[in-house]
Structures are given as structure tokens and as C-alpha cells.
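Below is one structure; the comments refer to it alone.
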Amino acid sequence: MYGTVDWYLHLKTVPGLKDLNRDISTACNFIAKRGELVTASKVVSELTLGFWVQLLNAEYELILWKGLRKSFPFMPKKDRKRHKVSAPVNQIRNFRNRVYHNQPVCWNFKVLEEIHQNIYEILGWINKDIPEYAERVDRFKMVLEQAKIKLV
């Protein structure tokens, strides 16, 4: 959108995006408190998953989606709509938060399979080669089958 690595510094000038600066300031403060130099790459890595996912919210569609859709070059053009990315990404974020907070996640194996499929689909939209690589190290299906056997 800005053609610069420090794109986050420009958000405060854009009406409708000013509220994102709170998360950016928090990230910069964490970096500074560690005694590190605040750089663009450190800010990007310090921003939370919630920050990145909220960029796909409907409230930012008119401002950000035109640029953000380029992050999904392998998503079929006819499907390249903000809501078609936002919904599965939010489902993944919710699932990740449940795992991170040690909440039960095996309440419904069908939902787990859906989330797993969404992860692969989104990875494929970003880079068509990632799903094939990920499958080589992914143990999800094996672990799921073992869990199903234990329940019988």
C-alpha cells in the first residue's frame, strides 16, 4: 500500500485505520523494553495474530482489501473476496487461541478436520507449494485416527 518496509508508520495518517496504531505501539514498546532497536521486521514479527486477522475485518474492507488480496495470489480470482478469507482465518485464530489457552479442542473431530483443511487451503492461496511441503511433516491425520480409535 505504501511501498515501504515501515508501512505501519503511515497508518496513523489514514482515516479509519488509526485504531490499529494501538497494537503497533504495543509491539514497538515490547521491542524497546527488550533493549532492541525497533525495526520494521521486528515490528512485523511482534504484531499478534489477532492484529493480522483483524485487517481482514469488514470495517477495513474499503481501505485495505485491494492491497491485502495480493497476499493470496493463488486463490481463484472469482473467490478472492475479503469475507471468503476472513471467515476461515478467524476460525483458525479462534482455534489457535483455544490451544494457546489450554482449552479443550477435541470436542468435535469433524470441526477439527474442517479447521485443518482451512489451514491447508489458506496456505495454498498464499503459496501453492506450501501444502505439499506441509503434508510431508503433518501428523494430524494419524493423530486424529488414533484419537478416534481410543474413543471406540
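Just to be sure I understand, how many residues within segment 39-59 are more than 13 Å from the chain's Cα centre (by Cα) and surrounded by 14 or more Cβ atoms within 10 Å (Cβ to Cβ)?
Number of matching residues: 3.
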Exercise. For segment 133-152, name all the residues that are of a type in the set (Asp, Glu) and either part of a helix (DSSP H, G or I) or in contact with a Gly (Cβ under 9 Å, 6 or more places away or on another chain) (or both).
Key: GLU135, GLU145
Quiz prompt | Hits in segment 1-33 - residues which are among the hydroxyl-bearing types (Ser, Thr, Tyr), surrounded by 12 or more Cβ atoms within 10 Å (Cβ to Cβ) and in a helix (DSSP H, G or I) | solution = TYR8, SER25, THR26
Quiz prompt | Any hit, segment 2-18, residues being farther than 30 Å from ALA147 by Cβ and touching a His at 6+ places or on another chain (Cβ under 6 Å) | solution = yes
Quiz item: surrounded by 12 or more Cβ atoms within 10 Å (Cβ to Cβ) and either of a type outside the set (Lys, Arg) or within 25 Å of TYR2 (Cα to Cα) (or both): does that describe LYS66?
Solution: no
Quiz item: Identify, please: which residue in segment 95-132 is touching a Leu at 6+ places or on another chain (Cβ under 8 Å) and not in a helix (DSSP H, G or I) and is, among those, nearest to ALA147 (Cα to Cα)?
Solution: CYS106
Quiz item: Say we look at segment 66-89 and pick out the residues that are of a type outside the set (A, V, I, L, M, F, W, C) and touching a Leu at 6+ places or on another chain (Cβ under 8 Å); which of these is nearest to ILE115 (Cα to Cα)?
Solution: SER86
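Just give me the residues in segment 98-127 being of a type in the set (S, T, N, Q) and either surrounded by 16 or more Cβ atoms within 10 Å (Cβ to Cβ) or modelled with pLDDT of 95 or more (or both), in sequence order. Steps first, please.
Step one: filter segment 98-127 for residues of a type in the set (S, T, N, Q), giving 102-103, 108, 117-118, 127.
Once the filter is applied, which keeps residues that are of a type in the set (S, T, N, Q) and either surrounded by 16 or more Cβ atoms within 10 Å (Cβ to Cβ) or modelled with pLDDT of 95 or more (or both), segment 98-127 yields GLN117, ASN118, ASN127.
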Quiz item: Would segment 58-72 turn up any residue that is part of a loop (DSSP other than H, G, I, E, B), under 24 Å from GLY124 (Cβ atoms) and out of contact with any strand residue (DSSP E or B) (no Cβ under 7 Å at 6 or more places or on another chain)?
Solution: yes
Quiz item: What about GLU36, is it assigned to a helix (DSSP H, G or I) and either over 12 Å from the mean Cα position of the chain (by Cα) or loosely packed, with under 13 Cβ neighbours inside 10 Å (or both)?
Solution: no
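The values are calculated or read from the model by the stated rules, or taken from the named source; none is laboratory data. Owing to the predicted nature of the structure, the values given are computational and were not obtained by experimental measurement. Using ideal geometry, Cβ is built from the backbone for each residue, glycine included, and neighbour counts are taken over all protein chains shown.
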